[in-house]
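The block underneath contains the structure these notes are about, expressed in structure tokens.
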Amino acid sequence: MEDCIFCKIVKGEIPSSKVYEDEDILAFKDINPITPVHILVIPKKHIESLNNIEPEDEKLLGKIFLTIKQIAKEQGIAEKGYRVVNNCGEDGGQEVKHLHFHILGGKKLGTKIV
Ligand code: AMP
Ligand code: ZN
């Protein structure tokens, strides 16, 4: 997608602090971290939101979650725990319209999500 900021990051047109990359997935540090560890995991292909995933994306989504598990381990937060967040659509507070999962960790998080 031409004016999608995360597609631009995938193409290298906007710099990012990458923590993981393969042919399907990119993970990078959130530019405005809200926790000591705050990483975004995205599919390289443009999918607008969770509302737009298709059965053909089943493997990709499984791979994203295995990647999240791996990144959490590498970042040293796996054992103590962390939170994975997806904001979907207007009420969900989604600002960037390219599917992404936040990995939040490195401190004790509140028990309430909202
Ligand atoms: P969301 O509200 O779920 O759409 O989250 C979008 C996230 O993208 C926010 O946490 C932003 O801080 C983050 N973000 C926006 N632009 C960039 C960027 N260029 N590099 C890294 N993270 C970004
Ligand atoms: Zn995109």
(request) Treat each spin label as a single point 7 Å out from the Cα along the C-beta direction, and report the residue 56 to residue 91 distance in nm. (result) 3.0 nm
(message) Between 0 and 90 degrees, rounded to the nearest ten: what's the tilt of helix 58-74 against the longest Cα principal axis of the chain?
(response) 40 degrees
(message) I'd like the carbon and sulfur percentage of the solvent accessible area for the chain, probe radius 1.4 Å, heavy atoms only, ligands and nucleic acids excluded.
(response) 51 percent
(request) Counting only heavy atoms of the protein chains, get the accessible area per residue of the range 16-114 (1.4 Å probe) and round it to a whole Å² value. (result) 64 Å²
(request) Sort by residue number and name the cysteines in the chain that have no neighbouring cysteine Cβ under 4.7 Å. (result) 88
(message) Can you pull out the trypsin sites (Lys or Arg not before Pro) in the range 1-104 whose DSSP state is coil and whose Cβ has at most 11 other Cβ atoms within 10 Å?
(response) 80
(request) Kindly provide the pair-distance distribution of the chain built from C-alpha pairs, with 5 Å bins from 0 and whole-percent values in order of increasing distance. (result) 2, 11, 22, 25, 22, 13, 5, 1
(request) Check the straight Cα-Cα distances from residue 80 and name the lysines below 16 Å, setting aside those fewer than 8 residues away within the same chain. (result) 69, 107, 108
(message) Going Cα to Cα from residue 8, which lysines come in below 21 Å? Please leave out same-chain ones fewer than 8 positions away.
(response) 18, 29, 44, 45, 97
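The values are calculated or read from the model by the stated rules, or taken from the named source; none is laboratory data. A quick note: this is a predicted structure, and the numbers were derived from the prediction, not measured. Reconstructed Cβ throughout: ideal geometry from the backbone, glycine too, with neighbour counts over all protein chains shown. Protein only, heavy atoms only, side chains kept; ligands, DNA and RNA dropped before computing areas. Shrake-Rupley method; radii C 1.70, N 1.55, O 1.52, S 1.80 Å.
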